[in-house]
Amino acid sequence: MPSASPQAKIEALRQTIRHHEQQYYVLDAPEISDADYDLLMQQLKTLEAAHPQLITHDSPTQRVGGKPREGFVKAQHSRPMLSLDNVYSEAELREWERRVRELSGGRALRYVCELKLDGLSMALWYKAGELRRGLTRGDGATGEDVTSNVRTIRSVPLSVSAAARKPAGLPADFEVRGEVIMPAASFSRMNHEREQQGQAKFANPRNAAAGTIRTLEPNVVAQRRLDFFAYWLGAEGQTMMDSQSRALDALAAAGFKVNPHRELAADIDAVAAFIRKWEAERHGLGYETDGIVIKVDETAVQEQLGFTGKAPRWAIAYKYAARSGITRVLDIVVQVGRTGKLTPLAVLDPVPIGGTMVKRATLHNLDFIEQLDVRIGDRVMVERGGDVIPKVIRVVAESEAAAAPAANAPAAQAEKETARKKKKKAKKDGEIQEVMELELPEAPPSRRPGQGFVMPTQCPECNSEVVRAEGEVDYRCINAACPAKLRESILHFASRPVMNIEGLGESMVNQLAARQLVSTVADIYDLTLDQLLTLERVGEKSAQNLLDEIEASKKLPLERVIFGLGMRFVGERTAEFLAAHFGSMEALAAAGEEELQAVNEVGPRIARSIVEFFSEEHNRELIARLGEAGLTFTGIKKERATHLVGKTFVITGTLTGLSRDQARKLIEDAGGRVTGSVSKSTDYVVAGDEAGSKLDKARQLGVPVIDDQQMRKLAASGALEHS
Ligand code: IVH
């Protein structure tokens, strides 16, 4: 627009930039590259520099402005900023719900489930659509005005135009409350930098976010990359909208970042299901959640229920048991895995975490140990996520002793309580007694407190040479016949998700290996009753059971056998794709790298690993023997339909005709991909009943929404309608 006025040019640029900021910071769906975004920003800066009288306070260039001169000013909240009461178990949750229903006249209520974000709460005041004030919670009645810092958070809109407010039903003056968090990536980057500069590290992302928002240097805050999720909408001190779910939708429609992982639950069972689902899934989010907040959906009922001293009756926080604990490293040992990888493990003074006694935790590799500078005798923080092996997170300074647990006092309390109960029970059962009474063992002469870790040059299991391949972090035992590799590969083969041979556990495998009855997985299929009866503590019945289990495993499908071979990088899912693509072990073994890469989710690294595996003489022999033993070597070769290749689907809500897993399979069998969250690159959202935020997001982004019938049509023919 050559003839446009500078004012019009500037306004157009601002709109474009705001749009892209929204796409990037709020919706996580960028449409342009960072470089292109920077270019637009640069153009705007240049124009504004030439016409300084046209600079407005809500221009995207004005996020980082002047410093607050003398600390923060206090200001009164429009209405008290409350905290939440906590529950720690489903029973307590149901008790809360029973009370809530009783107090509201006994009718069925719906509940909004939201992730409890672990940051600090913040109130944002908008006047005439512009962000005027950001207030910390403070004592709940008055907070600190940290506006200049809040403005640097890119997901916080500096203004909400009338055009954006109207469809969302927002007045010109309104208030938004929500949580300021520091994403995990920002947190680790910041702590890394602090460490390099010799500054003390922050204990956790919440402390880091709280510390950051109170610094007096907005440009420092801007670099720290905080984020903001909105969860309350009000005007004149009153809750807006007739329900929490509508308020969240309105906030999202007006351009605020609202956490997509929310659900309107029809009853308490659905709430409980949501809680269980996120117990494991919350670890992969990239930011911390320590629980779920459950809120009565209807505003009228909320008002009827009111508040107790410091918390609303209409909401509750379900807190997950603390998944970390602090203990001492007694020793560092090395474990040899099935690929020969040497993994250093910390032997710990046993510590209860999430209901079990943790005695060992992985230290991953030598680089990790050196980075953390973990030494025997150090106090460390240990974390247990999902079902995976506990891991050492960091060294805890002796001086940190008092501060760390206090940061999570209620959870720590709950944890202690569980541990105490456990201990009592264990005593009664005469179980883990030995663990509970374990004293700090005297360090053997070679392993003194303070001693650093040295990777052994010989395999601790077979004394063979240990090597570290060029460019790899891991050390490996090079002996193909290393007993540790053998043991681990058999344990993998026999495990439940693979060949599901019950009774072939660690002690059995150790005995079989010691007697040289088994030296490869193929030997399992040659075992006889007589041989098993020579083992200790094996009677006729258990021997026969084991043989029956082994026999039954032969019927398991091809993908299990492929998974069981233990090829590097070939997990359960990849094994399924390989079985479906090739239809037989023979075809898989003969495939070259190029053909392998045609398989869903197989890239050059996996393809190379598979080809290497099958080119190894021992492996070929092993496979031949497994074939002779009668394992399933053919499968149903799915002529891979290709009409959905490159298409991405998101499934949401309750489908009527089929389960989500079935729907996923249909899509994947036609070459499509199913992902968890809706973005601009989603091709279709398959929505069933009670579809929530994902459906809203799809509509917002203009992603086509289809039902399961249409999805079947698509999967079958690649088109929605038969032409
Ligand atoms: S609602 C009166 N929703 O948890 C309603 N709070 O332990 C109070 N929090 O002070 C807040 N995620 O800082 C609400 N989705 C969420 C939340 C949330 C995190 C924080 C908030 C609150 C604290 C209470």
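Scan Trp278, Trp232 and give me the residue that is within 29 Å of Ala141 (Cβ to Cβ) and in contact with a Ser or Thr (Cβ under 9 Å, 6 or more places away or on another chain). I'd like the intermediate steps shown before the answer.
Working: Trp278 fails: within 29 Å of Ala141 (Cβ to Cβ).
Within the list Trp278, Trp232, the selection yields Trp232.
Given the conditions (1) more than 26 Å from Glu576 (Cβ to Cβ); (2) under 28 Å from the mean Cα position of the chain (by Cα); (3) at pLDDT below 85, and given that Leu701 satisfies all but one, which numbered condition is not satisfied?
Condition not satisfied by Leu701: (3).
Of everything in the range 292-315 that's of a type outside the set (S, T, N, Q), more than 8 Å from the ligand (Cβ to nearest atom) and in a loop (DSSP other than H, G, I, E, B), which residue is modelled with the lowest pLDDT?
By that ranking, first place goes to Gly309.
Quick check on my filter: what residues within the range 110-124 are of a type in the set (D, E, K, R) and either open to solvent by 50 Å² or more (accessible area, probe 1.4 Å) or away from the ligand (no atom under 12 Å from the Cβ) (or both)?
Arg110, the sole residue that qualifies.
Taking the range 67-109 only, how many residues are buried (at least 16 other Cβ atoms within 10 Å of the Cβ), away from the ligand (no atom under 16 Å from the Cβ) and not aliphatic (A, V, I, L, M)?
Number of matching residues: 5.
Per-residue answers, yes or no, for (1) open to solvent by 20 Å² or more (accessible area, probe 1.4 Å); (2) closer than 29 Å to Met567 by Cα; (3) in contact with a strand residue (DSSP E or B) (Cβ under 8 Å, 6 or more places away or on another chain); (4) small (Gly, Ala, Ser):
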{"site": "Ile316", "(1), (2), (3), (4)": "no, no, yes, no"}
{"site": "Ser324", "(1), (2), (3), (4)": "yes, no, yes, yes"}
{"site": "Val329", "(1), (2), (3), (4)": "no, no, yes, no"}
{"site": "Pro344", "(1), (2), (3), (4)": "no, yes, yes, no"}
{"site": "Thr356", "(1), (2), (3), (4)": "yes, no, no, no"}
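Identify, by number, the condition in (1) more than 16 Å from the ligand (Cβ to nearest atom); (2) surrounded by 17 or more Cβ atoms within 10 Å (Cβ to Cβ); (3) over 16 Å from Gly255 (Cα atoms); (4) over 29 Å from the mean Cα position of the chain (by Cα) that Phe202 doesn't meet.
Result: Phe202 fails condition (4) only.
Mind checking which residues of the range 675-695 are under 23 Å from the mean Cα position of the chain (by Cα), more than 21 Å from Thr642 (Cα to Cα) and buried (at least 17 other Cβ atoms within 10 Å of the Cβ)?
Val678, Ser679, Ala691, Gly692, Ser693, Lys694, Leu695
Would it be correct to say that Glu586 is in a helix (DSSP H, G or I), open to solvent by 40 Å² or more (accessible area, probe 1.4 Å), under 26 Å from Lys665 (Cα atoms) and out of contact with any helix residue (DSSP H, G or I) (no Cβ under 6 Å at 6 or more places or on another chain)?
Judged against the criteria, Glu586 is a match.
Restricted to the range 511-530, and to residues that are hydroxyl-bearing (Ser, Thr, Tyr) and open to solvent by less than 70 Å² (accessible area, probe 1.4 Å), which residue is modelled with the lowest pLDDT?
In this case the residue turns out to be Thr520.
Does Val146 fit the bill of being of a type in the set (Val, Ile, Thr), more than 14 Å from the ligand (Cβ to nearest atom) and touching a residue at least 60 places away in the same chain (Cβ under 8 Å)?
yes
Tell me the residue from Met357, Met381 that is assigned to a strand (DSSP E or B) and at pLDDT below 90, please.
Met357
Every residue, every condition in (1) over 17 Å from the mean Cα position of the chain (by Cα); (2) crowded, with 19+ Cβ neighbours inside 10 Å, yes or no:
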| residue | (1), (2) |
| --- | --- |
| Pro218 | yes, yes |
| Tyr231 | yes, yes |
| Ala235 | yes, no |
| Ala254 | yes, yes |
| Gly286 | no, no |
| Ile292 | no, yes |
| Thr299 | yes, no |
| Gln304 | yes, no |
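Just to be sure I understand, how many residues within the range 154-171 are in contact with a Gly (Cβ under 9 Å, 6 or more places away or on another chain), within 13 Å of Gln22 (Cα to Cα) and among the hydrophobic types (A, V, I, L, M, F, W, C)?
Count: 3.
The values are calculated or read from the model by the stated rules, or taken from the named source; none is laboratory data. Source: prediction; values computed, not measured. A quick note on method: Cβ atoms are made from the backbone with ideal geometry, for glycine too, and the neighbour counts reach across all protein chains shown. With ligands, DNA and RNA removed, areas are computed over all heavy atoms of the protein, side chains included. Shrake-Rupley method; radii C 1.70, N 1.55, O 1.52, S 1.80 Å.
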